[in-house]
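**Student:** So that we are looking at the same thing, I have put the structure below in structure tokens.
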Amino acid sequence: MTTRMFGQSVKRNEDPRLLTGKGRYVDDIEHSAAQVAFVRSEPAHARIIDIDVSGTLDIDGVLGIYTYEDLEGDFAKPLPLLIPNDGLFAPKTQYALAHEEVCYAGEVIAMVVAKDRYIAEDAASAIRVEYETLPVVADLEEAARPGAPVAHLDMEDNVSGRVSEAKGDVDAAMAAASHVYQWRFSMERAAAMPMEGRGIVAHYDESDQSLLLYDSTQAPTGVRGGLALLFGLDPDRVHVVAPDIGGGFGMKVIQFYPEEVLVPWASRLLGIPVKWTEDRREDFIGSNHERGQAHEVRVGTDDEGRILGMETNFLNDAGAYCSYGLIIPIITAAQMQGPYRIENFRYEFRNLFTNKVPTSPYRGAGRPHAVYVMERVIDKIALELELDVAEVRRRNFIGPNEFPYDVGVTFQDGGPTIYDSGEYERGLDVLLDALDYGNARAEQRKAAEQGRLMGIGIGYYVEGTGIGPYEGAAIKVLADGSVTVALGFSSQGQGHETVFAQIVSDELGVAVDKVKVTSGDTRRIGYGVGTFASRSAVVGGNAVFKAAVQIRKQAAEVAARSLEVAAEDLVFENGQIRVAGAPDLSVGLGQVALISNPLRYAFGEESQEAVLLAQRAYAQSDRPLPDGMRPGLETAEFYSPTSGVFAFGAHAVVIEIDPDTCNLKILRYVVMHDCGAVINPMIVEGQILGGVAQGIGGAFYERLAYDDQGQLQNASFMDFLIPYATEIPTVELHHTETKSPLNPLGIKGVGEAGTIPGPAVIANAVSDALGRPIDSMPISPLDIYAILYKG
Amino acid sequence: MALNPGESARIELTVNGIAHQIDVEARWLLSDVLRHTIGLTGTHVGCEHGVCGCCTVLIDGEPARSCLTFAVQTDGAAITTVEGLAASDDGLHPLQESFRMHHGLQCGYCTPGFLMTALPIYERAPEMSDEELRKAISGQLCRCTGYAGILSAIRGAAEIERSRKGAES
Ligand code: FES
Ligand code: FES
């Protein structure tokens, strides 16, 4: 028996390339292309009066300067709305280049194309825009106030959408409850900040009527479809390649950012390759943010801390436009109940425009907010009723025998939210054992006696992952016995070249490093959806599995005929297809690929042998390629899930606050996670650890400091604090495995898991340490100072 | 050398042992010259204001930010980039091998900067405390890994080097 690769911490196939500087990121491509710089709006809300380009006339090397007036046809229309929804009644999206009104600081007003980026920026800074500034609405809660300034001149208020839903009878539950509490929670914005910003290289070929676009996108197939439509091109002549991508975390899933349309447009106009590489400041003010929400929660409990009914009314900060529809608040609402059985639940949210950078999902996508609210609610109930926080969780968990469990609200894919499987109490036990919870509490009491501020925080989450509609994989066996796999969704560091190779390796008996995975290249596979919502391993993994099974079947048929045995007697190992019990009888997988493609000419030794085998295989057939067979050993298969699958996990943190610096020291950070069957534990752990760092960053270090004029005050890494190694603690990882019954591999997604409970655990721990509720996030030493010393 | 805006000057520098003569404008960053003029795109740019460390290279043996260095300042210097690390095309430097072994990279964008920062210190890393090692790399940002794999990788590289030497002798 060869070892099954599924489940092994196989070293990554992509690493040698990335470690030796041979990675190929978008900015590494086409150094000779013309370069773009953009003029972006300075005010957050203004009318454009005039754009004066006269200062650029004597700058050598400028190839073109474009404003809205230069756009025609569909290019002059607002960019597409990606995800419509009945509740979204003001679906505003931005123009590729601002048209009369700018609605956030950073909105693209003019594009300069020049010989190099230095010159392009010279010209961009010589362009003078005259504005008539307009009243700005920057704060989310202010945006909801009647009579507040409007983010868009043509609107009466700032509400872009509203959705509500209910299950059970919340009013009756509240009336019957022994305790009814009302609490407010808010969370400010956060940003993904991948180390590589966005980038685009466009090559429009007029004579071929084709477009080749390198784009650091998480969804190349979507970009391709949209651009084909916009440019009026045959989709088969639009190729979008997402090469190596330096992190995405959701920020790169949006199509279209204005630059994604403008750069290929300029390439067509000028007839040359054109390139744009986002700089860090542009990433802060031109790439989407997330997170901003404010909740008003009402919850009714019995005396034992069981939740009888709950409702939340919340606001979601859309920013200036909402091309991603209502997805973020919908996810928040759908995932709010977490692992708890809440029979009566109601929510209503309003999606509000503000004059700030637009929002769309960032790692966690609506869930960090939901989990933060729910987990604060649990801790506050415990405090009110003088119960232990772990005990209150225990009393409210959905039991292991209650699956499938209908949460009773709509999920982001429009279907019901139905949990497939979970062992929530066991998960908590694993977490508390690992933490040695009883001891940790004892230490905390001891510390308190010494006047030290120690706190323990727990955060539990359920994460819907692996949503549809589908994903595909095209697999091909080459003559040398290696296997290529093409995926429509791209990789931003999740190890696609390895995990999917592991699945293929098991099925076809080929070494993992002989399986070459290309992800996110529409030249290799035209259909696919994208890498987001922790879905690639789930949906893509099962597509790869299906395709590998299909190849195995095809190969077995051909091999059986060549070897004159029954297909059932064949085993696939070490690149060979052998007859069980007859070790000498075998044929190489590569040879089968050759046989499957009967050629007139034999090239090289391998194919000469193959020609002989082919003659034998087809001796009984009336033609070289029997009816119903296709040449080559290749296939493309697609997997479409019936619904999402629900991973879960819990984090616990022990912190101490330094009363002098008001800084937070994380003494322990313990993680329990369950993402069903694990393909590669090393990679899964890496996803969790990276996610935890982003969760901690978002809870305590990273704050997008907008002023009331919609100006981002800290748009640089100097002022926006992403944690370094010195801020991130050693994280203790534990996992359980509750397979999903909904897909053949039993997988659930993991990409976002580590980040989701970050704000919840930190808020709970700081509340615990200070004995004061932390109900607005993120927090900073200054906030702690205010609580400690200013009452 | 004194240069006015827009003027170019010829500089000579050695990159990974290869001598180059290049005409550079005064304002050209070393990172741009390495990436776009010489074509060594392994050096990455994450912020262009000296905070993320993605662009770290060795200038005369010392880690330095190539985004905060004008190319013209490196006249006569010897520069090592990530491309100069591995001895041969298919072999990996022990530090690179260790990053692979300990999952010290995900997207790989920050990786060249971490490798160049760790190069002068990895041999001492096993003796460093956790805090010391964290401080030693606290000029580098990684958004993917949470640093755990990077720390183990730097700590484990010397061991890989030793076992390779052991295998040779
Ligand atoms: S690019 Fe040089 S430090 Fe960030
Ligand atoms: S591996 Fe992606 S930034 Fe470090």
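The values are calculated or read from the model by the stated rules, or taken from the named source; none is laboratory data. Treat the numbers as computed from the prediction; the structure is a model and nothing was measured. Note that we place each Cβ from the backbone using ideal geometry, even for glycine, and neighbour counts take in every protein chain shown.
**Student:** Identify all residues within segment A:636-676 that are outside any strand (DSSP E or B) and farther than 20 Å from residue A:456 by Cβ; write none if there are none. Spell out how you get there, then give the answer.
**Tutor:** Just the residues of segment A:636-676 that are outside any strand (DSSP E or B), to begin with: A:640-644, A:658-663, A:675.
Passing the criteria: A:640, A:641, A:642, A:643, A:644, A:660, A:661, A:675.
**Student:** To continue, here is another question. Only one residue in B:69, B:117, B:111 is in contact with a helix residue (DSSP H, G or I) (Cβ under 7 Å, 6 or more places away or on another chain), more than 29 Å from residue A:499 (Cα to Cα), within 16 Å of ligand 1 (Cβ to nearest atom) and hydroxyl-bearing (Ser, Thr, Tyr), so which one is that?
**Tutor:** Within the list B:69, B:117, B:111, the selection yields B:69.
**Student:** What do you reckon, is residue B:98 closer than 25 Å to residue A:728 by Cα, of a type in the set (Gly, Ala, Ser) and away from ligand 1 (no atom under 16 Å from the Cβ)?
**Tutor:** Here the answer is yes, as residue B:98 does meet what is asked.
**Student:** Count, please, the residues in segment B:49-65 that happen to be β-branched (Val, Ile, Thr) and more than 16 Å from ligand 2 (Cβ to nearest atom).
**Tutor:** Qualifying residue count, segment B:49-65: 2.
**Student:** Now a separate question. Considering only residues that are out of contact with any helix residue (DSSP H, G or I) (no Cβ under 6 Å at 6 or more places or on another chain) and either away from ligand 1 (no atom under 12 Å from the Cβ) or in contact (Cβ under 8 Å) with a residue 60 or more places away in the chain (or both), which ones fall in segment B:27-43?
**Tutor:** Matches in segment B:27-43: B:27, B:36, B:37, B:38, B:39.
**Student:** Determine whether segment A:732-753 contains at least one residue that is under 22 Å from the mean Cα position of the chain (by Cα) and closer than 21 Å to residue B:140 by Cβ.
**Tutor:** For segment A:732-753, residues under 22 Å from the mean Cα position of the chain (by Cα) and closer than 21 Å to residue B:140 by Cβ: absent.
Every residue, every condition in (1) closer than 22 Å to residue B:61 by Cβ; (2) among the hydrophobic types (A, V, I, L, M, F, W, C); (3) near ligand 2 (Cβ under 10 Å from one of its atoms); (4) modelled with pLDDT under 95, yes or no:
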position: B:99; (1), (2), (3), (4): yes, yes, yes, no
position: B:108; (1), (2), (3), (4): no, no, yes, no
position: B:131; (1), (2), (3), (4): no, no, no, no
position: B:135; (1), (2), (3), (4): yes, no, no, no
position: B:138; (1), (2), (3), (4): yes, no, no, no
position: B:141; (1), (2), (3), (4): no, yes, yes, no
position: B:168; (1), (2), (3), (4): no, no, no, yes
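**Student:** Name the residues in segment A:218-243 that are within 14 Å of another protein chain (Cβ to nearest Cβ) and either within 16 Å of the chain's Cα centre (by Cα) or on the phi > 0 side of the Ramachandran plot (or both), would you?
**Tutor:** Answer for segment A:218-243, where residues must be within 14 Å of another protein chain (Cβ to nearest Cβ) and either within 16 Å of the chain's Cα centre (by Cα) or on the phi > 0 side of the Ramachandran plot (or both): A:218, A:242.
**Student:** Take the conditions basic (Lys, Arg), out of contact with any Phe, Trp or Tyr (no Cβ under 8 Å at 6 or more places or on another chain) and assigned to a strand (DSSP E or B) and apply them to residue A:446. Does it pass?
**Tutor:** It is false that residue A:446 is basic (Lys, Arg), out of contact with any Phe, Trp or Tyr (no Cβ under 8 Å at 6 or more places or on another chain) and assigned to a strand (DSSP E or B).
**Student:** Could I ask something else about it? Within the set of pairs 6+ apart or on separate chains, which have a first residue in segment B:44-64 that is hydroxyl-bearing (Ser, Thr, Tyr), a second that is near ligand 1 (Cβ under 10 Å from one of its atoms), and C-beta atoms under 9 Å apart?
**Tutor:** The qualifying pairs are B:56/B:43; B:56/B:64; B:56/B:65; B:56/B:66; B:56/B:113; B:56/B:139; B:56/B:140.
**Student:** Among residues belonging to segment B:72-93 that are more than 10 Å from chain A (Cβ to nearest Cβ), modelled with pLDDT of 95 or more and in a loop (DSSP other than H, G, I, E, B), point out the one that is nearest to ligand 1 (Cβ to nearest atom).
**Tutor:** Out of the qualifying residues, it is B:77.
**Student:** If you scan segment B:110-129, which residues turn out to be part of a loop (DSSP other than H, G, I, E, B) and away from ligand 2 (no atom under 14 Å from the Cβ)?
**Tutor:** B:119, B:120, B:121, B:122, B:123, B:124, B:128, B:129
**Student:** I'd like the full set of residues that are out of contact with any strand residue (DSSP E or B) (no Cβ under 7 Å at 6 or more places or on another chain) and either part of a loop (DSSP other than H, G, I, E, B) or facing another protein chain (nearest Cβ under 7 Å) (or both), limited to segment B:28-43.
**Tutor:** B:36, B:39, B:41, B:42
**Student:** Having 2 or more residues that are within 14 Å of another protein chain (Cβ to nearest Cβ) is the bar; report the strands (runs of 3 or more DSSP E) wholly within segment A:27-85 that clear it.
**Tutor:** Because the criterion is at least 2 residues that are within 14 Å of another protein chain (Cβ to nearest Cβ), the strands (runs of 3 or more DSSP E) in segment A:27-85 that meet it are A:34-40.
**Student:** Counting residues that are within 16 Å of ligand 2 (Cβ to nearest atom) and under 30 Å from residue A:349 (Cβ atoms), which helices (runs of 4 or more DSSP H) fully inside segment A:198-302 reach at least 1?
**Tutor:** Details: elements: A:220-231, A:258-270, A:280-286.
Ranges flagged: A:280-286.
**Student:** Taking into account only those residues within segment B:95-132 that are within 8 Å of chain A (Cβ to nearest Cβ), within 15 Å of the chain's Cα centre (by Cα) and of a type outside the set (Val, Ile, Thr), which is surrounded by the fewest Cβ atoms within 10 Å (Cβ to Cβ)?
**Tutor:** Here the answer is B:96.
**Student:** Another question, if that's okay. Test residue A:722 against the stated conditions and say whether it is out of contact with any strand residue (DSSP E or B) (no Cβ under 7 Å at 6 or more places or on another chain), assigned to a loop (DSSP other than H, G, I, E, B), surrounded by fewer than 23 Cβ atoms within 10 Å (Cβ to Cβ) and of a type in the set (A, V, I, L, M, F, W, C). First the steps, then the outcome.
**Tutor:** Working: out of contact with any strand residue (DSSP E or B) (no Cβ under 7 Å at 6 or more places or on another chain): yes; assigned to a loop (DSSP other than H, G, I, E, B): yes; surrounded by fewer than 23 Cβ atoms within 10 Å (Cβ to Cβ): yes; of a type in the set (A, V, I, L, M, F, W, C): yes.
In short, yes.
**Student:** Okay, moving on. If a residue has to be buried (at least 22 other Cβ atoms within 10 Å of the Cβ) and outside any helix (DSSP H, G or I) to count, how many in segment A:482-508 make the cut?
**Tutor:** Selection size over segment A:482-508: 12.
**Student:** Restrict the check to segment A:519-539 and report whether at least one residue is more than 24 Å from the chain's Cα centre (by Cα) and farther than 24 Å from residue A:361 by Cα.
**Tutor:** For segment A:519-539, residues more than 24 Å from the chain's Cα centre (by Cα) and farther than 24 Å from residue A:361 by Cα: absent.
**Student:** Now for a different question. I need the full set of residues from segment A:145-197 which are under 30 Å from residue A:25 (Cα atoms) and more than 16 Å from ligand 2 (Cβ to nearest atom), in order please.
**Tutor:** Residues satisfying the conditions are A:189, A:190.
**Student:** Within 16 Å of ligand 2 (Cβ to nearest atom) and either out of contact with any helix residue (DSSP H, G or I) (no Cβ under 6 Å at 6 or more places or on another chain) or over 21 Å from residue A:723 (Cβ atoms) (or both): does that describe residue B:46?
**Tutor:** Yes.
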